[in-house]
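All remarks here apply to the structure that follows.
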Amino acid sequence: MGGVLGLGMAAQPPQAIHVIAGQMRPPAWPVTPAVRVNLAASGELARIMGELRPGVVIHAACVSRAADCEQQPHHADLVNIQAVEELLASAVFADSFVVYVSTEQVFDGYAERYFEDSPVSPRTVYGSTKAAAERRVLEFGGAVVRLPLLLGGAAGSGRMCADTAVVQAVQSGQTMSLFTDEIRTPVHVDFVAPMFEKIARERRGGIFHLAGAQAVSRFDLGRRACEAAGIKPNFQASLAADFDGPPRSLRLELDCGRAIKELGWQPPDLRQSLDRTFATPVRTVAKD
Ligand SMILES: NC(=O)c1ccc[n+]([C@@H]2O[C@H](COP(=O)([O-])OP(=O)(O)OC[C@H]3O[C@@H](n4cnc5c(N)ncnc54)[C@H](OP(=O)(O)O)[C@@H]3O)[C@@H](O)[C@H]2O)c1
């Protein structure tokens, strides 16, 4: 619950559903009762699932930084794949429906657009672990929800998103460079979070994409974020193709056809997402 998405969900908890949040660290957002769980500790999740027997599990936690996954692939495997296997095995006994949160990073970035039924083609350890977990969840009959680059995030949570990070960097006078050739369909976390309740309530299995309406480069996203925040953009242009780090998928445009048809998802345009970040009261979280 302490991540970007978890905090977004906790800010708008589902109505008339008893929510129990799983997390590794003490509560930062005291909306729901919470149980502590370390996904890297084998057996811990199974024990908690046996005790709680939840009707639905929305599994958002993972090692989410691509660089961490490249540097510690064994740990990424443990948390991102083995913990999902443990979750699914115990979900059978608890009769729980599993909604697995995944990512656009299961795709390689060479196609114009990725559909919910496009074959996965990960390029990084992170993407590979997420694709492996997706496969297991789908075999189990659960739901896989792929998200794009998320915007927003709670101030004080220590979890910055692409829009808030750029604005903070510019405001603090840091010089940063943004990729002009890396294209994403970003969306504010607050628009995505309520859709999970719908998927969970209706126990809809299979793959859904929940992305924003517009494809935009990181550079243009930074420029638009500064405009929305009312500050002068000040950063340099660079190329992801020249990036010295884990491989980066250049164009990740998620098509949300099934989510639009079956869930009534209305992909927000970039302006709506940025207004949500910069034109609504700042959401803060208590320090640990
Ligand atoms: N943010 C994005 O732009 C984005 C884009 C596409 C998809 N997604 C997907 O959305 C989901 C949530 O991502 P996020 O952005 O919210 O990630 P995040 O901010 O990095 O949060 C990840 C969460 O996982 C928890 N976690 C990590 N290792 C754990 C462990 N061993 N045991 C228990 N909990 C552990 C973290 O706990 P602590 O708080 O205690 O560290 C944190 O709460 C992920 O499945 C990710 O693939 C995110």
So, with a 1.4 angstrom probe, what is the percent of accessible area on the stretch 4-278 that is carbon and sulfur? 51 percent
So the pair-distance distribution of the stretch 151-228, from every Cα-Cα distance in 10 Å bins, comes to percents of 16, 41, 28, 12, 2
Measure of exposure for Glu116: accessible area at 1.4 Å probe, Å² rounded to 10, is 20 Å²
Given the candidates Leu78, Leu178, Gly153, the one whose Cα lies deepest towards the positive end of the charge dipole of the stretch 4-278, counting +1 at each Lys or Arg C-beta and -1 at each Asp or Glu C-beta, is Gly153
Dimensions in Å of the stretch 188-241 - Rg and Dmax from alpha carbons: 16.5, 46
Just how large is the dipole of the chain about the Cα centre, in debye to the nearest 20, putting +1 at every Lys and Arg Cβ and -1 at every Asp and Glu Cβ? 600 debye
Rounded to whole angstroms and listed largest first, the alpha-carbon spread of the stretch 208-267 along its three principal axes comes to 41, 33, 12
Within the under-11-Å Cβ sphere about Pro233, not counting Pro233, Lys/Arg +1 and Asp/Glu -1 give a net charge of +1
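If Arg184, Arg224 are ordered by their accessible area, calculated over protein heavy atoms with a 1.4 Å probe, which sequence runs from highest to lowest?
Descending accessible area places them as Arg224, Arg184.
Of the chymotrypsin sites (Phe, Trp or Tyr not before Pro) in the stretch 99-196, which ones lie in a loop per DSSP and count no more than 12 other C-beta atoms within 10 Å?
On the way: sites: Tyr100, Phe107, Tyr110, Tyr114, Phe115, Tyr126, Phe140, Phe179, Phe191, Phe196; in loops: Phe107, Tyr110, Phe115.
Listed in order of number, the matching sites are Tyr110.
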Shape descriptor, the chain: equivalent ellipsoid semi-axes (Cα gyration tensor, sqrt 5λ, whole Å, largest first) stand at 29, 21, 19
Leaving out ligands and nucleic acids, and using a 1.4 Å probe, what accessible area per residue does the stretch 116-250 come to in Å²? 42 Å²
What is the gain in length, in nm to one decimal, between Ser177 and Glu227 on full extension, counting 0.36 nm per residue of separation less the C-alpha to C-alpha distance? 16.3 nm
Counting sequence-distant residues (5 or more places) and residues on other chains, those with an amide H built under 5 Å from that of Ser238 are Leu178, Phe179, Thr180
Testing the spin-label approximation: label points 7 Å from Cα along Cα→Cβ at Gln168 and Ala213. State their distance in nm. 2.9 nm
Accessible-area ranking of Asp242, Asp275, largest first, probe 1.4 Å: Asp242, Asp275
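The values are calculated or read from the model by the stated rules, or taken from the named source; none is laboratory data. Quick caveat, the model's predicted, so the values are computed rather than measured. Cβ coordinates were reconstructed from backbone atoms using ideal geometry, including for glycine residues, and neighbour counts include every protein chain displayed. The protein model used for the area step is the full one, side chains on, heavy atoms only, and it has no ligands, DNA or RNA in it. Shrake-Rupley method; radii C 1.70, N 1.55, O 1.52, S 1.80 Å.
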